[in-house]
Amino acid sequence: MIVYLRNDEKIELALNASAFDLALKLGIKSQAIVANINGQLADLTTILQENDTIGIITKTDSEALNILRHSVAHVLAMAVWEIDQNVELAIGPSIENGFYYDIKSQKPYSTENLESIEEKMKEIINRKLKFERIEILKQDAINLFKEKRQTFKLEILDSIQSEKVTVYKLGDFVDLCRGPHVSNTSYIPADAFKLTSVAGAYWRGDSSKDMLQRIYGTAFFNKKEKDEYFKLLEEAQLRDHRKLGQELEIFHIDDHAPGNIFWLKNGCIFFNIIKDHIAKVIRKYGYYLVQTPQLMNKSLWETSGHWDKFQENMFIVKDEDVTMAIKPMNCPGHIIIYKNGSVKSYKDLPIRMAEFGLCHRNETSGSLHGLMRVRAFMQDDGHVFCRPDQIISETQNICSALKEVYAAFGFNDIAVKFSDRPEKRAGSDDVWDIAEKSLIEAADAAGLSYSINKGEGAFYGPKLEFILKDCLGRAWQCGTLQVDFVLPERFETYYVNKNGQKQKPVMLHRALVGSLERFIGILIEHYAGKFPFWLAPLQIAIASISEDSADYAKEIQLALNNSEFRTILDIENKKIDYKIRAHSVKKIPAIIIVGKKEKTEKTISIRSLGSNKTETISLLAMIEYFQNLTMPPK
């Protein structure tokens, strides 16, 4: 029997050979996890067919860790079941940094129970049990899980249309699952997994359904990777923006306004520095700013398609007999502005408009998380109305602006994903074909290297997602660029082409950082609150050593304030070491220390955050010294 590797190399195998046999022949048996057979992941026990195209997924491949974690989730379910066979099991997928399993139990679980569950899991792993995939009739599966009183499995089965389903047998334990899994529990290193927490979760995310207990965990292929991960987690906890946001007096979250942010004095300064810098950059790239209303008629959202596709996330307001909605996004308002005034000519395009628009989305209370997930946020939104022949040049323009903004804030490691048509979408397949082709051509012309993010486009068009990597190596999706042929058609938007005919423009939706709230959360954690001088809400603390130098300290502050530096004066009757420590805790980048000597010599002593050394310069050189620190990096 002939099969093909993904590089088209032919391999001859015995009839009825499995993917494991191929791994054995290739000499990668110890590294093999699962197989990719004709584009589908499958167990190594899968029997191969003539002319199959096969790739063996090894421990170093990106897909392997998800497979391992999914398998560990099954071991977790088995451990919980062996401890208490009255437990009802729901689902247990792998997720970004690990896995979880949802369970319903009369016994409340807490972090104190995790150690005993881990011990049971290790015991199961050491039994070296096979993950046995079994295909059975759906009705047989229903009978099986009825007997086991597993109501959540029965509900899943009820939603499956096919006559046959797959279950996995692990010793005496059977679970409903598509797979694939590692071949044997011996593939799971017993010292490289850990259960991390327990939380509540509604079945299928629906608050009207059962509240389940969700046990979280993570797993790796070796102990070293696990230890590195938890070291990183400790560092991330020290950088938690919720903790630092309070300590640095940036923002406050209150139960009176869930999902909304109270910006404190430093936070307001910080917010505006970021907003103003982005505005400065986009003006350079040909954008002008607009502002659209918060509250708009239901009919607008019906025309745009948001009422049908996005209504559950919108805040609805009744005004007498009129139904209004607080805007969840800015694009329909920008179309209204485009259509205002005289008819546009092809010579008028592209039209680039931008808005720092306050949007509201009705996120569930359980999903809210500091600045990272809120209900009210400001979006650095922009829309380009252009001709089809301008898509490539406008994409390049957007990418240049985006890279300039990211570099200024200290992000140069950027990944890109291409997200194609989602299942729930507006517009015909023909329109989507054109939009996807246009965006791919534009991305290629802009020199972008991207991966495919299947089915994750916006409902009106495909998109590029720009993902930043912070100092801890964590990925944050921030910028987006979407090509939209749908909304201009729905709003009957047009321009007059060179032949004098009406033609619909292409609408490019773009955000450079997305939600400013979320971006600020990312910046706080990236810098651990120790912001670059140009970005810091407070840049300079002026601390006097004694009363004799207080007037000189005031003179220095006045000069700095007149040059638009952000300062704080500290002339309290306290020891200078105390003052230095207090301002360092607040992470102010520079502390100017002045005493009798500095006053007499007309100098200042500067101590930078994180340094034990002071630098002395003349008062005359002070403004230039700090101005050199004020410009953002390019």
Report the FRET efficiency, 1/(1 + (r/R0)^6), for LYS130 and GLU320, where r is their Cβ-Cβ distance and R0 is 56 Å, rounded to 0.05.
-> 0.25
Determine one quarter of the surface area of the Cα convex hull of region 59-98, which equals its mean projected area, and express it in nm² to one decimal.
-> 3.0 nm²
Please go through region 49-145 and write out the GluC sites (Glu not before Pro) that DSSP classes as loop and that have at most 10 other C-beta atoms within 10 Å.
-> GLU50, GLU96
Using 0.36 nm per residue, how much length does the chain from LEU558 to ALA582 gain when fully extended, once their Cα-Cα distance is taken away?
-> 6.4 nm
What fraction of the DSSP beta bridges in region 493-618 is antiparallel, stated in percent and rounded to the nearest 5?
-> 55 percent
Work through the residues other than MET211 whose Cβ is under 11 Å from its Cβ and net out their charges, Lys, Arg +1 and Asp, Glu -1.
-> 0
Which value, in debye to the nearest 20, describes the size of the charge dipole of region 458-555 about its Cα centre when Lys and Arg Cβ atoms bear +1, Asp and Glu Cβ atoms bear -1, and nothing else is charged?
-> 860 debye
Quick one: which of 102-110, 157-165 comes out on top by average Cβ neighbours within 10 Å, and what's the full order, highest first?
-> 102-110, 157-165
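Using the Cα gyration tensor of region 120-209, with a ≥ b ≥ c the square roots of its eigenvalues, what is the shape: rounded (a/c below 1.5), prolate (a/b larger than b/c) or oblate (neither)?
Here region 120-209 falls in the oblate category.
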Nearby lysines by direct alpha-carbon distance to LYS298 (threshold 19 angstrom, same-chain neighbours under 8 apart not counted) | LYS309, LYS318, LYS327, LYS339
Can you spot the lysines whose alpha carbon is less than 26 Å from LYS226's alpha carbon? Ignore those fewer than 8 places along the same chain.
-> LYS29, LYS59, LYS120, LYS122, LYS128, LYS130, LYS194, LYS243, LYS469
Let me know the Rg and Dmax you get for region 422-542 when you use only its Cα atoms, in Å.
-> 19.3, 67
Compute the Cα gyration tensor for region 153-263, then decide on rounded, prolate or oblate, letting a ≥ b ≥ c be the square roots of its eigenvalues: rounded whenever a/c is under 1.5, prolate when a/b is larger than b/c in the other cases, and oblate in all that remain.
-> oblate
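Just add up the charged neighbours of ALA236: K/R +1, D/E -1, any other residue whose Cβ is under 13 Å from the Cβ of ALA236.
-1
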Going by a ≥ b ≥ c, the root eigenvalues of the Cα gyration tensor, does region 203-281 fall in the rounded group (a/c under 1.5), the prolate group (a/b larger than b/c) or the oblate group?
-> oblate
Over 20 Å, how big is the tail of the calculated P(r) for region 265-371, in percent of all Cα pairs?
-> 56 percent
Please report the Cα spread of region 473-582 along all three principal axes, rounded to whole Å, starting with the longest.
-> 79, 35, 18
Check cross-link reach from LYS437 to the lysines: straight Cα distance under 20 Å, and skip same-chain residues fewer than eight apart.
-> LYS417, LYS424, LYS454, LYS463, LYS504
The base-10 log of I(q)/I(0) that the Debye equation returns for region 379-456 at q = 0.11, 0.12, 0.23, 0.24 Å⁻¹, one scatterer per C-alpha, is -0.34, -0.41, -1.30, -1.34
Equivalent ellipsoid, region 520-634 (semi-axes from 5 times Cα gyration tensor eigenvalues, Å) = 24, 16, 12
Of the convex hull drawn through the C-alpha atoms of region 304-343, the volume per residue in Å³ is 94 Å³
Note down the net charge around PRO633, summing +1 for each Lys or Arg and -1 for each Asp or Glu among other residues with Cβ under 14 Å from its Cβ.
-> +1
Of the GluC sites (Glu not before Pro) in region 353-441, those whose Cβ has at most 10 other Cβ within 10 Å and which sit in DSSP loop = GLU423
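Of all DSSP beta bridges located in the chain, what percent are antiparallel, nearest 5?
85 percent
What are the membrane-span-like helices in the chain by this rule: whole DSSP H runs, Cα extent along the axis at least 15 Å, mean Kyte-Doolittle hydropathy at least 0.5?
62-83, 516-527, 619-630
When you count, for each residue, the other Cβ atoms within 10 Å and take the mean per peptide, how do 615-628, 173-186 rank with the highest first?
Output ranking for 615-628, 173-186: 173-186, 615-628.
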Cβ-derived FRET efficiency at R0 22 Å, GLU12 paired with THR58, nearest 0.05 = 0.50
Whole-Å semi-axes of the chain's equivalent ellipsoid, largest first, each the root of 5 times a Cα gyration tensor eigenvalue?
-> 49, 36, 25
Which value results when the Cα radius of gyration for region 1-137 is divided by 2.2 N^0.38 Å?
-> 1.27
The chain, accessible area per residue, ligands and nucleic acids excluded (1.4 Å, Å²) | 49 Å²
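Given a 1.4 Å probe and every protein chain left where it sits, what share in percent of the accessible area of the chain is carbon and sulfur?
Looking at the chain in its full context, I get 48 percent from C and S.
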For region 1-51, what is Rg from Cα atoms divided by 2.2 N^0.38 Å, rounded to two decimals?
-> 1.01
Figure the gain on full extension for HIS277 and ASP191 (residue separation times 0.36 nm, minus the Cα-Cα span) and round it to one decimal in nm.
-> 26.2 nm
Which order do peptides 562-569, 52-59 fall in by mean Cβ count within 10 Å, highest first?
-> 52-59, 562-569
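The values are calculated or read from the model by the stated rules, or taken from the named source; none is laboratory data. Just so it is clear, the model here is predicted, and its values are computed rather than measured. Positions of Cβ are generated from backbone atoms using ideal geometry, with glycine treated the same way; all protein chains shown enter the neighbour counts. Note: areas computed on protein heavy atoms with side chains; ligands, DNA, RNA excluded. Shrake-Rupley method; radii C 1.70, N 1.55, O 1.52, S 1.80 Å.
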